[in-house]
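The structure appears below as structure tokens.
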Amino acid sequence: MMVQSSMLETKEIRWFFTEYPPGVSAWFSALDPQAVKQEDRTDIYWVTGCETVGVKLRQGRLEVKARTFGPADYLPGGGVACRLEGWAKQVFELAPGQVMDTLSSHLLHVRKQRQATILTWPGPRFHLPVPAAPRGCQIEFTRVLIGSNTWYTLGLEWGSEPSCEPSESFLSALPSPHLLTLENAMGYPEFLFRHYPPVTHQG
């Protein structure tokens, strides 16, 4: 039996790249450690063969995510190029031992070594991402391990409140702008669609 949660709508900007970004790493290292959540987890994705829908198992929950608008190209300045996307996410709590047997031939294990913080204004101020954290823009930097491949991703995610949206000046000042290109800009579903198509994982 699955128990359904409420729908969550977000806006997101994300990049993927294979080059280690020392500027991004240094930016996170300079933050107050009390404002940064460190996490090492493995998510199991169903490789849908679609760049607009993502399905994954995360820590006993099934998450289904669908793109609601975009991608919309955005050039805030400073050499940074973004793609803005809107997403709607539904989370289902799974009963103990419940698995997606019918999807097993298309499952991909993705290990994520992740740092995340919540950014709020005025300030900017940074907060630890916990359920009681203020509403703001979540910023995450993650080392992604898939088989023998290593990727890095920088992502920003916020809700519908205008006060949570990152400013143009903040985006244009992000570190490692040579990696923050339109070519590298995409969400997880498109990343998997491009680099890990279902045919690769069929039994």
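The values are calculated or read from the model by the stated rules, or taken from the named source; none is laboratory data. This is a predicted model, so every value here is computed, not measured. Cβ sites come from the backbone with ideal geometry, for glycine too, and all protein chains shown count toward neighbours. Please note that ligands, DNA and RNA were not included when accessible areas were found on the heavy atoms of the full protein model with its side chains. Shrake-Rupley method; radii C 1.70, N 1.55, O 1.52, S 1.80 Å.
For region 60-185, the spherically averaged projection of the C-alpha convex hull amounts to 9.9 nm². Our summary of shape: the Cα atoms of region 1-81 have principal axis extents of 46, 33, 25 Å, ordered from largest down, in whole angstrom.
Provide the per residue accessible area, probe 1.4 Å, for the chain, rounded to a whole number of square angstrom.
Result: 50 Å² of accessible area for each residue.
When the Cα positions of Pro33, Leu180, Gly78 are compared along the charge dipole of the chain, Pro33 comes out farthest toward the positive end, with charges on each C-beta of Lys, Arg, Asp and Glu. A helix-only calculation puts the chain at -2500 deg cm²/dmol for mean residue ellipticity at 222 nm, using -39500 (n - 2.57) for each DSSP H run of at least four residues, averaged over all residues.
Taking 8 Å as the Cα distance limit and 6 or more residues as the minimum spacing, I'd like the relative contact order of the chain as a percentage.
Reported as a whole number, the value is 33 percent.
When you filter the GluC sites (Glu not before Pro) in region 150-203 for DSSP loop state and at most 15 other Cβ atoms inside 10 Å of their Cβ, you are left with Glu183.
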